[in-house]
Structures are given as structure tokens and as C-alpha cells.
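Engineer: Please find one structure pasted underneath; my questions will follow.
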Amino acid sequence: MFRGKKYQESVKLVEKSKLYDTNEAMGLITKTAKAKFDETVEAHIRLGVDSRHADQQVRGAIVLPHGTGKTAKVLVFAKGPKADEAQAAGADYVGDADLVAKIQGENWFDFDVVVATPDMMGVVGRLGKVLGPKGLMPSPKAGTVTMDVTKAVNEIKAGKIEYRLDKTNIIHCPIGKASFGAEKLQENFNALLNAIIKAKPAAAKGQYLRSVVVASTMGPGIKINPAKLG
């Protein structure tokens with residue numbers, strides 16, 4: 001795979017086999033993000049669990065101290081007073097069966113997060129096959145199935161992210177933008193990591209944090225020493 005000149009320069013700054021301390025890694029991230037746009041910084045955390053077992057799932061949501069640097073578009077499934085409440089809270093789209101039809105009929109996905117009141121889950125359930133694979137299905141664990149739509153919308157707009165295991169037992173999460181600087185990125189990273197450590201399943205055996213890598217959109221991966229975390 002051909003990599004551009006800027007990427008080649010960034011790679012030279014990172015020692016491939018070295019496991020960095022968090023503060024070193026965050027300092028490096030800001031130096032390796034050389035693109036013309038403000039790159040997103042992501043954390044990739046591999047856990048010592050087996051996601052095939054229900055008692056080893058790791059999933060939840062957290063509001064990052066400094067947000068993600070991106071204002072998420074929120075779709076709320078609600079009706080009556082709750083729909084009015086969602087609109088007043090600043091939701092980008094509010095509706096019920098009409099939005100289900102739009103998503104099914106037009107393959108419309110101009111939103112980042114879906115919130116639903118519990119009474120709407122029967123309707124939203126029809127979208128399971130399309131929302132599920134995209135990680136957009138509302139869930140009580142993530143706080144996106146709730147009667148308190150104001151709180152849900154406000155938190156998402158403030159930088160709430162959901163973390164969940166993929167099939168390879170890795171959690172992929174944005175922790176901000178390169179322009180945040182090392183200190184804010186580290187605070188966001190620590191908040192995410194603490195939440196993941198607190199969510200450790202009782203059934204998890206052995207080393208919980210197997211590998212931790214941070215990378216900007218166009219930059220190389222930087223390995224963080226998991227032994228020094230949590």
C-alpha cells in the first residue's frame with residue numbers, strides 16, 4: 001500500500017516496537033497528525049475477554065471531559081410531549097413511524113446517534129437489521145433508550161460516546177481531535193479507559209487490557225504500555 005510523504009515522515013517519529021507511556025503517546029499524536037484537516041484521534045483497546053459470551057460483554061457510554069470535537073447529529077424516536085421535548089433539547093430529527101419509513105425506503109442515514117423512548121422500541125425494532133450493523137441501535141445500557149430525552153440529547157451534544165466490543169474483542173473509540181493538544185486528549189483517554197476498566201466483567205480472567213493503540217486519522221498507530229494502565 002502506497003503511503004504519502006507526510007505519513008512516511010510521521011512514521012519516523014514513532015518507534016514501532018516501543019510501548020509508550022500515555023503522556024508520551026499523546027504528545028506524539030499531535031506531532032504525527034500532519035493532514036490539512038483536523039484529524040480525529042482514536043483509541044483501539046483490545047481486551048482479554050470473549051465477546052461471544054454474554055457474561056463477557058463490555059459496553060457502555062461516557063461523556064468525554066472535552067467532547068469529541070464533533071457535534072453529533074441526533075435522531076429521536078418519540079411522540080407527543082416527548083417529541084416536543086426532544087425538539088426543544090436540540091435534536092436534529094424527531095419522529096416515529098415516518099422516520100422508520102424514510103430509513104427503510106430511502107436508505108437514509110444522515111445522523112450519528114439514535115435515541116428512543118421505551119414505548120417506541122416496538123417501532124424502532126423494525127430497523128434492527130439496518131441500525132444494528134452500524135452500531136446505531138438504541139440501548140438502555142448506552143442511555144439511548146430513555147424517557148429523559150432532554151438529558152440524552154444534551155449529553156450526546158456535549159460529547160457522549162458509546163464504547164462496545166467488536167467481534168475481535170477490540171473497542172474502537174474517538175477521543176478527540178489532534179487540535180485538542182496532548183493534555184486534553186490524555187484527559188479524554190483516561191476517562192474512557194476508567195469507564196472500560198469499571199465495566200470489566202466478573203467472568204474475565206487473566207490480563208484484561210491486552211493492547212492499547214492510539215492513532216490519528218492519517219497517522220501511524222502508537223502503542224501504549226497496557227501494564228501501566230489501570
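The values are calculated or read from the model by the stated rules, or taken from the named source; none is laboratory data. Keep in mind that what you see is a predicted model, and the values were worked out from it rather than measured. Don't worry about glycine lacking a Cβ; one is built from the backbone with ideal geometry, like all the others, and counts go over all protein chains shown. What goes into the accessible areas is simple: the full protein's heavy atoms, side chains included, and nothing from ligands, DNA or RNA. Shrake-Rupley method; radii C 1.70, N 1.55, O 1.52, S 1.80 Å.
Engineer: What accessible area, in Å² to the nearest ten, does a 1.4 Å probe give for Asp38?
Structural biologist: Its accessible surface works out to 70 Å², give or take rounding.
Engineer: Using 0.36 nm times the number of residues separating Asn154 and Ala203, minus their current alpha carbon distance, what extension gain do you get? It would help to have the intermediate numbers written out before the result.
Structural biologist: Details: separation 49, 0.36 × 49 = 17.64 nm, distance 3.39 nm.
That pair, Asn154 and Ala203, stretches by 14.2 nm at full extension.
Engineer: Considering the stretch 88-131, what Rg and Dmax in Å follow from its alpha-carbon atoms?
Structural biologist: Here Rg and the maximum Cα pair distance are 10.3, 30 Å.
Engineer: Might you report the magnitude of the Cβ-based charge dipole of the stretch 14-143 about its Cα centre, with Lys and Arg at +1 and Asp and Glu at -1, to the nearest 20 debye?
Structural biologist: Numbers: 17 positive and 17 negative charges, 79 e Å.
The dipole magnitude comes to about 380 debye.
Engineer: Let me ask you something else. How much length is gained on full extension from Phe109 to Lys129, taking 0.36 nm per residue of separation minus their Cα-Cα distance? Please list the in-between numbers first.
Structural biologist: Numbers: separation 20, 0.36 × 20 = 7.20 nm, distance 1.36 nm.
Answer, rounded to one decimal: 5.8 nm.
Engineer: Can you pull the percent of the chain's accessible area that's carbon plus sulfur, 1.4 Å probe, other chains left in place? Before the final figure, lay out the partial values.
Structural biologist: On the way: 6150 of 11850 Å².
Carbon-and-sulfur percentage of accessible area, whole number: 52.
Engineer: Calculate the dipole size of the chain relative to its Cα centre from +1 charges on Lys and Arg beta carbons and -1 charges on Asp and Glu beta carbons; express the result in debye to the nearest 20.
Structural biologist: Values: 34 positive and 24 negative charges, 203 e Å.
In debye, rounded to 20, the chain gives about 980.
Engineer: Treat each spin label as a single point 7 Å out from the Cα along the C-beta direction, and report the Thr217 to Lys12 distance in nm.
Structural biologist: Distance between label points: 2.5 nm.
Engineer: Below 8 Å between Cα atoms, with a sequence gap of 6+, how large is the relative contact order for the chain in percent?
Structural biologist: Details: 433 pairs, mean separation 91.4, N = 230.
Reported as a whole number, the value is 40 percent.
Engineer: Could you tell me which of the pairs Lys36/Lys134; Lys70/Lys134; Lys70/Lys177 are separated by over 20 angstrom between their Cα atoms in the structure shown? Mind showing how you got there, number by number?
Structural biologist: Numbers: Lys36/Lys134 28 Å; Lys70/Lys134 18 Å; Lys70/Lys177 8 Å.
Beyond 20 Å between Cα atoms: Lys36/Lys134.
Engineer: Determine, from the Cβ-Cβ distance of Arg210 and Lys31 and an R0 of 30 Å, the FRET efficiency 1/(1 + (r/R0)^6), rounded to the nearest 0.05. Please list the in-between numbers first.
Structural biologist: Details: r = 26 Å, r/R0 = 0.88.
The pair Arg210/Lys31 has a calculated efficiency of 0.70.
Engineer: Right, here's the next one. Using the beta-carbon distance between Lys70 and Lys228 and R0 = 25 Å, what value does 1/(1 + (r/R0)^6) give for FRET efficiency, to the nearest 0.05?
Structural biologist: Numbers: r = 29 Å, r/R0 = 1.17.
In this case the efficiency is close to 0.30.
Engineer: Still on this structure, please answer the following. Would you kindly calculate the translational diffusion coefficient of the stretch 141-230, applying Stokes-Einstein with the Kirkwood radius from alpha carbon pairs, for 4 °C and a viscosity of 1.567 mPa s, and quote it in µm² s⁻¹ without decimals? It would help to have the intermediate numbers written out before the result.
Structural biologist: Numbers: Rh = 15.1 Å.
D, rounded to a whole number, is 86 µm²/s.
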